[in-house]
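What follows is a single structure, written as structure tokens, with notes after it.
Every number here is computed from the coordinates shown, using simple stated rules; none is lab data. Quick caveat: nothing in here was measured; it's all calculated off a predicted structure. So basically every Cβ, Gly included, is an ideal-geometry build from the backbone, and we count neighbours across all protein chains shown.
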């Protein structure tokens with residue numbers, strides 16, 4: 001992942017430039033080329049963002065409070081992955097599985113036209 005513990009000015013400029021290029025690519029693809037279907041997976045995420053944010057916090061809290069043996073469920077799930085994959089790949093798969101799970105929850109809400117508003 002692109003993350004850094006110390007945010008230097010060059011790192012900020014680099015990540016800002018990358019974000020601007022990504023935004024320009026999406027504008028070109030969706031607004032200019034009219035490829036709206038390609039953006040639907042992202043649209044699903046944007047329909048209930050606060051609900052998914054709170055749900056992700058609650059799920060991780062649940063993982064941390066349920067113990068399997070002498071470790072939390074969160075640590076246990078990661079340990080199971082790290083026995084099969086390298087630590088970096090296990091970390092990526094663990095994080096990506098969370099992203100896919102919450103996208104699926106968002107998709108089901110979107111399909112049923114459930115939009116949670118504040």
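A few remarks follow.
- Sequence of 108, 113 once ranked by neighbouring C-beta atoms within 10 Å, starting from the fewest: 113, 108
- Relative contact order %, region 37-111, counting alpha carbon pairs below 8 Å whose residues are six or more apart: 36 percent
- Entry for mean projected area of the Cα convex hull in nm² (calculated from the structure that is shown) out of (i) 7.1; (ii) 15.6; (iii) 10.8: (iii)
- Against the main long axis of the alpha-carbon atoms of the chain, helix 87-111 sits at an angle near 60°.
- In the chain, the DSSP-assigned H stretches of four residues or longer account for a calculated mean residue ellipticity at 222 nm of -22500 deg cm²/dmol, using -39500 (n - 2.57) per stretch and the full residue count as denominator.
- Most mobile listed residue (107, 81, 21) in the chain, GNM with C-alpha springs under 10 Å: 21
- Taking other C-beta atoms within 10 angstrom as a stand-in for reagent exposure, 31, 70 fall in the order 70, 31, fewest first.
- Helix axis angle, 73-84 relative to the chain longest principal axis, alpha carbon, degrees: 80 degrees
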